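Down below is the structure, laid out as structure tokens.
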Amino acid sequence: MKTETNHLRKMTTIWVVISVAVDLLFWFWVGPHVPPGTLTSTAKSNQFDFTFLVLVALPVLIGVWVFMGYAIVNWNAKRDSTPEPIGGEVARSNRKAQVAWITITSVVVLFLAGFGTVAVIADHGSGGGEGPNPIWMPAGAAKAETAALTKTATWSPNSNQVLPVQVIAQQWKFTYRYPTFGGFESAQLIIPANTTIAFNVTSLDVIHSFWAYQLSVKADANPQVNNVAFTDTKQPGNFTVRCSELCGIWHGAMYNYGKVVSQSDFVTWATTTEAANAANTANLPPFAWTYVPDANGSAGGYYPDGTATPYSAVEIYGAKQPAS
Ligand SMILES: [Cu+2]
């Protein structure tokens with residue numbers, strides 16, 4: 001019994017020393033470089049979550065390795081040694097080991113489940129799509145979105161306003177609409193730094209997924225659905241947008257690049273683009289949270305009755321021909 005305790009003490013000491021050293025190394029040396037970086041609040045908290053999970057996992061891994069190494073060194077069967085290693089009755093079960101095993105693994109798993117749940121809820125939904133009626137909204141978001149629908153809403157820098165940006169997916173590209181800047185549509189995703197962004201994600205045709213990697217935003221893009229995802233941008237920087245849902249033959253080519261720029265640069269870009277695109281914007285369907293994909297340019301959005309489908313060959317949405 002005495003030696004059993006000593007072995008356990010020795011193994012524990014080795015395990016603690018190595019675990020603390022490796023965890024500290026990982027935290028300070030690798031942690032700051034863990035993707036997806038620190039471009040937004042959601043990216044930052046994702047980076048923390050990944051790092052934290054590794055910090056929990058490393059001691060488990062090291063525990064297994066230390067036990068294995070210790071056993072190989074101390075309890076190996078030497079050639080020609082007597083007596084043979086003990087089996088039978090003594091090796092059959094060990095109540096202490098069983099209780100410790102079940103307790104420790106249960107605590108670790110339950111803790112991780114709690115941690116994961118909090119991480120998903122925190123930071124207004126962690127950059128995930130929350131559907132048309134998001135639960136975890138930043139302050140002022142609901143107001144900004146409702147106002148945006150009236151098309152009279154504006155967004156100004158240093159106002160702490162939420163900036164709504166609509167993401168429209170279609171085979172095989174993303175376009176972006178800015179309802180607070182006259183509803184112009186752009187192939188470029190430019191957003192201001194230090195701002196809460198409300199991405200309103202939808203699709204014209206099949207299911208896609210809007211995945212802005214360095215923003216740590218990922219939201220399904222489904223036809224007839226306005227899927228809302230939030231993030232708070234931090235410093236300026238570049239990011240990549242990819243479609244993350246197999247959506248047809250050119251799915252792999254469905255990506256582009258976006259930019260977080262200073263608030264004043266953003267306003268300059270948005271007002272310039274709004275003016276330059278004015279003639280095109282006039283021919284677009286009015287801003288709405290969803291659209292029907294008809295070639296004639298429909299009145300847009302909100303399906304008038306439950307029987308309408310986006311694939312109907314017949315014009316039933318009150319579409320009008322664009323001015324020729
Ligand atoms: Cu796609």
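The values are calculated or read from the model by the stated rules, or taken from the named source; none is laboratory data. Note that this is a predicted model, so its numbers are computed, not measured. No Cβ is skipped: glycine too gets one built from the backbone with ideal geometry, and neighbour counts run over all protein chains shown. Please note that ligands, DNA and RNA were not included when accessible areas were found on the heavy atoms of the full protein model with its side chains. Shrake-Rupley method; radii C 1.70, N 1.55, O 1.52, S 1.80 Å.
Values as computed for the structure displayed
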| read-out | value |
| --- | --- |
| Cα gyration tensor, segment 202-284 - rounded (a/c under 1.5), prolate or oblate | oblate |
| Net lengthening on full extension, VAL20/TYR255 (0.36 nm per residue, minus Cα-Cα) | 80.5 nm |
| Spin-label model distance (nm) - ALA276 vs VAL118, 7 Å beyond Cα toward Cβ | 4.7 |
| Contour excess over end-to-end distance, with Cα ends at HIS33 and ALA57 and 0.36 nm allotted per residue | 6.8 nm |
| Relative packing of peptides 94-101, 129-136, 220-227 - highest average C-beta neighbours within 10 Å first | 220-227, 129-136, 94-101 |
| Distance in nm between pseudo-label sites at GLU185 and ASP265 (7 Å out along the Cβ direction from Cα) | 2.7 |
| Anisotropy class of segment 1-44 from Cα gyration tensor, a/c 1.5 cut | prolate |
| Solvent accessible area, Å² - VAL118, 1.4 Å probe, full protein context | 100 |
| Rounded FRET efficiency, nearest 0.05, which uses the C-beta distance separating ASN6 from PHE67 and R0 of 22 Å | 0.90 |
